[in-house]
Amino acid sequence: MHEPFVGAVRSASAPIHSNSARTDQNPRRAAHQLAWHVPRALACLPYRVAPVRLLAIAIIGAGLVFRLSQFFSGRSMWLDESVLAINILNRSVGGLSHPLDFDQGAPLGFLVVVKVLALGFGNSEDVLRLFPLLCGIGALPLMYIVARKVMTDAGALIALFLFACADGLIYYSTELKQYSCDVIAGLAISAVAITPGRPTWRRYAAASVVGAVAIWFSHATFFFLPAIFVAYGAYFLAQRTWSDLGRIVMVSLLLLGVSSALFYEISFRDLGHLQSSVGNPGTSGGGLHVVIGNVAEAIGLPFGQGGIPQIVRLLALASALAGAIFLLRRRFDHALIVGLPIAFVLAATARHRYPTFERTLLFVIPGVSLFVAHGIYSISRLARKTAIMVIVGAALTILVVEHPVAEAARHLAHPRQKEEIKPLLVELVHRWQPGDSLYVYYSAQYAFRYYHECGCLGASSSAPPLSFARQTAVGPMLFSRALRSRPPHFVVGLWAQGYPRLWARDHYNVYRRDVRRMLGGRRVWILFSHANSIRELRFEDTELPLLLDRLGTPITKISRFHSELLLYDLRTKGGRRGSTRSPTPP
């Protein structure tokens, strides 16, 4: 407690407790003394503490509301979630340590926790997404703890505000992927490693213990562990404390080395097949501007067409650079812990060793938010010398924060969607009649299989059309077969790019062959979702309707976000049936 406050309280209470006889004889005098001393005591309160904490709680509460709103929006499982869900639901806990099917990769700890939740509470979308949600929610107070250690109250609030409203963090806290675990893992390591006092080897050991555990839940941990080693090593070198330097080297070799080697041996070595996709053009590299653009979009500052004005982009970037410089001058060890993971990511993407997707870069958002907030606050501190800097600081804050807040508020009313295939499957089940046939586009088969296995549609899985999903398959490629066709009533489409010769000559021919296998059906349902390229989107929107209109008569069409269900009578216009042979599945 502050000394002025203690003294004021003592002086206010002394007449009452030290001389009770006088107080009893003259209560009016005691009242006057209280009226005089209590305002003085209140004036000496650390008045900034309570309002700042209330604001922090309010911002964390807003971030919680944003995430819960997205979580309870009832969004359907889309392609990426469905293929991971199929792996989790169809394997034992021990089986999750082996290479996953459909070109999937996730930390073993993440997979095990989701599997245990599914065993305990069911296979619904909400249960499978619960652990990412808890990680997203837990990251909110951790972000404030880290920000408060790095900067003062005002800057910490700005950083927390950017973090709570970041569009990418809100969405990926509600998706069956490990990306929200990446964020909380990095924050947990940083919260322990960053200390307001002098760094010690014991503090480094504690952060290393957190990192050794976090490895099992986040691949991004490997960007943070070298950062804290370099930060602490540089500090001990500068202070010439050789014994502490030797101790952190020993801790790294014993604790982190053993945990990393064990993790690599069990799970990370099995992700080698993913390196081919990581190294492909378009998934990694692309230059600094690609990384900056994706991180900015995840925060809620999109750089593309229809995004924020150019001046706001420059101000945000300038604030981040200024914040990094100011923090490096004030506490270089804090700056290294916060900034080195960002530098390592840039180096990895430049060498095509790490993908530059928005979702794979989420864990750098806390560091970027801290630099931006510290830059804005440091510039506004110059107001003590120049009054106009008050306006500059306020304008910077409003300009940088306004768009993320607007995006978060918009998605609060209209949550983000990916591929709304579940309502179409419900319609398909309710409208299904004996003798109907079903064609499932190749990328829609994974969600179709998941909803059959989870029993989330409120319909029997033992009768068509859901019973078609009983005959399953797996494979190492992303678009390997998950279901087997049972013509003529059930046909699963083939992935055209799996047949390079046909794809190069006529990329629509594979899909035409699939559709022609349904000719002669009185009621043929066609289920589409997730066009994987512009070519496929053009086929779905233009070529397919023209082909179906030539072959038959449309009955109904039901469209949802990036998903479509068509019903055709393919008897009436016959024509030539053409070849029903299809290429051999990959």
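The values are calculated or read from the model by the stated rules, or taken from the named source; none is laboratory data. What you see is a predicted model; the values in this text were computed from it and never measured. For neighbour counting, all protein chains shown are included, and Cβ atoms are generated from backbone atoms with ideal geometry for every residue, glycine included.
For the reader, a short list of remarks on this structure follows.
- Counting the residues of the range 177-195 that are surrounded by 24 or more Cβ atoms within 10 Å (Cβ to Cβ), under 15 Å from Tyr144 (Cα atoms) and of a type in the set (Ser, Thr, Tyr) gives 1.
- Residue within the range 379-397 that is farther than 22 Å from Leu128 by Cβ and under 28 Å from the mean Cα position of the chain (by Cα) present: yes
- Residue count for the range 527-548, restricted to those that are of a type in the set (S, T, N, Q), surrounded by 14 or more Cβ atoms within 10 Å (Cβ to Cβ) and either at pLDDT 80 or above or more than 25 Å from Ser82 (Cα to Cα) (or both): 1
- Just one residue in the set Ala409, Ala320, Ala343, Ala316 is more than 20 Å from Asn294 (Cβ to Cβ) and either assigned to a helix (DSSP H, G or I) or without any contact (Cβ under 8 Å) to a residue 24 or more places away in the chain (or both); that residue is Ala409.
- Val6 out of contact with any His (no Cβ under 6 Å at 6 or more places or on another chain), modelled with pLDDT under 90 and buried (at least 17 other Cβ atoms within 10 Å of the Cβ): no
- The residues in the range 553-586 that are modelled with pLDDT of 50 or more and either of a type outside the set (A, V, I, L, M, F, W, C) or closer than 17 Å to Gly493 by Cα (or both) can be counted, and the count is 17.
- The set of residues in the range 461-477 being touching a helix residue (DSSP H, G or I) at 6+ places or on another chain (Cβ under 7 Å) and in a loop (DSSP other than H, G, I, E, B) consists of Ser461, Pro465, Pro476.
Every residue, every condition in (1) on the phi > 0 side of the Ramachandran plot; (2) buried (at least 18 other Cβ atoms within 10 Å of the Cβ); (3) in contact (Cβ under 8 Å) with a residue 40 or more places away in the chain, yes or no:
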{"position": "His430", "(1), (2), (3)": "no, no, no"}
{"position": "Gln433", "(1), (2), (3)": "no, no, yes"}
{"position": "Phe448", "(1), (2), (3)": "no, yes, yes"}
{"position": "His452", "(1), (2), (3)": "no, yes, no"}
{"position": "Pro464", "(1), (2), (3)": "no, yes, no"}
{"position": "Phe468", "(1), (2), (3)": "no, yes, no"}
{"position": "Val474", "(1), (2), (3)": "no, no, yes"}
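- Any hit, the range 438-458, residues being closer than 25 Å to Thr556 by Cα, touching a Pro at 6+ places or on another chain (Cβ under 6 Å), outside the structural domain of Gly74 (by TED's automatic domain parsing) and not in a loop (DSSP other than H, G, I, E, B): yes
- The requirement of being more than 30 Å from Phe217 (Cα to Cα), modelled with pLDDT of 50 or more, in a helix (DSSP H, G or I) and in contact with a Ser or Thr (Cβ under 9 Å, 6 or more places away or on another chain) is fulfilled somewhere in the range 34-45, by at least one residue.
- Screening Arg198 against (1) crowded, with 17+ Cβ neighbours inside 10 Å; (2) assigned to a loop (DSSP other than H, G, I, E, B); (3) among the charged types (D, E, K, R); (4) over 27 Å from the mean Cα position of the chain (by Cα) leaves a single unmet condition, (1).
- Any chance Tyr204 is more than 31 Å from the chain's Cα centre (by Cα), assigned by TED's automatic domain parsing to the domain that holds Ala191 and either surrounded by 20 or more Cβ atoms within 10 Å (Cβ to Cβ) or of a type in the set (A, V, I, L, M) (or both): no
- The criterion of at least 2 residues that are closer than 26 Å to Gly458 by Cα is met by the following helices (runs of 4 or more DSSP H) wholly inside the range 96-175: 108-121, 125-128, 130-150.
- The set of residues in the range 72-100 that are under 18 Å from the mean Cα position of the chain (by Cα) and not polar (S, T, N, Q) comprises Phe72, Gly74, Arg75, Met77, Trp78, Leu79, Asp80, Glu81, Val83, Leu84, Ala85.
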